[in-house]
């Protein structure tokens with residue numbers, strides 16, 4: 001679902017669609033309604049993952065389905081899910097806030113959302129404020145670089161790799177959150193990468209984002225971005 005023609009944010013992304021159905025075939029989730037079909041595929045290895053998808057989740061209902069049935073069970077997949085939540089927040093503050101809270105530890109969500117609010121303009125479309133970057137999420141998609149004004153390949157792909165910094169303690173136990181912390185890089189702006197980490201809880205529940213401050217940092221600015229994200 002593309003909101004390129006929608007000028008003002010609203011609650012259309014928050015509404016429940018009773019026609020929605022989803023099916024999981026191996027590592028691919030298909031989510032369908034009476035008006036669209038979206039697919040999500042997780043390809044995971046010991047060293048990272050790629051997440052391919054035809055469109056961003058249409059709202060909280062679809063996001064929750066993608067989280068609980070596919071991406072939320074994967075450490076790198078959860079970081080891809082978090083980036084999707086950022087884009088939902090850009091389009092619909094209320095729906096995005098709900099999605100961010102669903103995949104982030106509460107302390108991290110509290111830190112992240114005010115920073116996103118500063119990054120994203122209150123109305124979808126062009127902005128003259130150099131600090132605002134509505135193309136932030138686009139910069140994390142394969143093929144999107146500053147040189148092409150963050151125009152991604154289709155289907156969209158997010159590439160994640162295990163953080164190979166020897167000074168990073170992979171699997172370090174958090175007594176505060178009762179789980180192990182794992183660190184990853186997320187590809188950004190072509191050949192750049194940014195680090196973020198997730199918590200794998202002891203109770204075998206869904207993976208949660210533990211820290212993602214670098215994912216909200218500015219990317220090189222462009223002035224001619226086309227808002228075509230679906």
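The values are calculated or read from the model by the stated rules, or taken from the named source; none is laboratory data. Not measured: the values here are computed from a predicted model. All Cβ positions, glycine included, derive from the backbone under ideal geometry; neighbour counts span all protein chains shown.
Within the range 38-50, the set of residues being within 28 Å of residue 170 (Cβ to Cβ) and either touching a residue at least 12 places away in the same chain (Cβ under 8 Å) or crowded, with 19+ Cβ neighbours inside 10 Å (or both) comprises 40, 41, 42, 43, 44, 46, 47, 48, 49, 50.
Residue 116 - would you say it is closer than 21 Å to residue 100 by Cβ, buried (at least 19 other Cβ atoms within 10 Å of the Cβ) and in contact (Cβ under 8 Å) with a residue 40 or more places away in the chain? Against the criterion (closer than 21 Å to residue 100 by Cβ, buried (at least 19 other Cβ atoms within 10 Å of the Cβ) and in contact (Cβ under 8 Å) with a residue 40 or more places away in the chain), residue 116 qualifies. The set of residues from the range 207-230 being crowded, with 16+ Cβ neighbours inside 10 Å and in contact with a helix residue (DSSP H, G or I) (Cβ under 8 Å, 6 or more places away or on another chain) comprises 207, 208, 209, 210, 211, 212, 215, 216, 219, 222, 225, 229. The residue that is modelled with the lowest pLDDT, among those in the range 120-141 that are within 14 Å of residue 227 (Cβ to Cβ) and in contact with a helix residue (DSSP H, G or I) (Cβ under 7 Å, 6 or more places away or on another chain), is 124.
The residues on offer are 68, 78, and the sole one that is in a helix (DSSP H, G or I), closer than 19 Å to residue 198 by Cβ and out of contact with any strand residue (DSSP E or B) (no Cβ under 6 Å at 6 or more places or on another chain) is 68. Condition first: crowded, with 24+ Cβ neighbours inside 10 Å and outside any loop (DSSP other than H, G, I, E, B). Now tell me which residues in the range 140-149 satisfy that. Result: 140, single match.
Name the residues in the range 174-216 that are farther than 22 Å from residue 69 by Cβ, out of contact with any strand residue (DSSP E or B) (no Cβ under 7 Å at 6 or more places or on another chain), assigned to a loop (DSSP other than H, G, I, E, B) and touching a residue at least 12 places away in the same chain (Cβ under 8 Å), would you? Once the filter is applied, which keeps residues that are farther than 22 Å from residue 69 by Cβ, out of contact with any strand residue (DSSP E or B) (no Cβ under 7 Å at 6 or more places or on another chain), assigned to a loop (DSSP other than H, G, I, E, B) and touching a residue at least 12 places away in the same chain (Cβ under 8 Å), the range 174-216 yields 189, 190. Does residue 204 meet the test of being under 16 Å from residue 48 (Cα atoms), loosely packed, with under 14 Cβ neighbours inside 10 Å and over 16 Å from the mean Cα position of the chain (by Cα)? No, not satisfied. Of all residues in the range 51-65, exactly one satisfies the criterion of being surrounded by 24 or more Cβ atoms within 10 Å (Cβ to Cβ), touching a strand residue (DSSP E or B) at 6+ places or on another chain (Cβ under 8 Å) and assigned to a helix (DSSP H, G or I), namely 62. With respect to the conditions (1) buried (at least 24 other Cβ atoms within 10 Å of the Cβ); (2) in a loop (DSSP other than H, G, I, E, B), residue 34 falls short on a single one, namely (1).
Could you please let me know if residue 22 is over 22 Å from residue 184 (Cα atoms), part of a loop (DSSP other than H, G, I, E, B) and touching a residue at least 12 places away in the same chain (Cβ under 8 Å)? Against the criterion (over 22 Å from residue 184 (Cα atoms), part of a loop (DSSP other than H, G, I, E, B) and touching a residue at least 12 places away in the same chain (Cβ under 8 Å)), residue 22 does not qualify.
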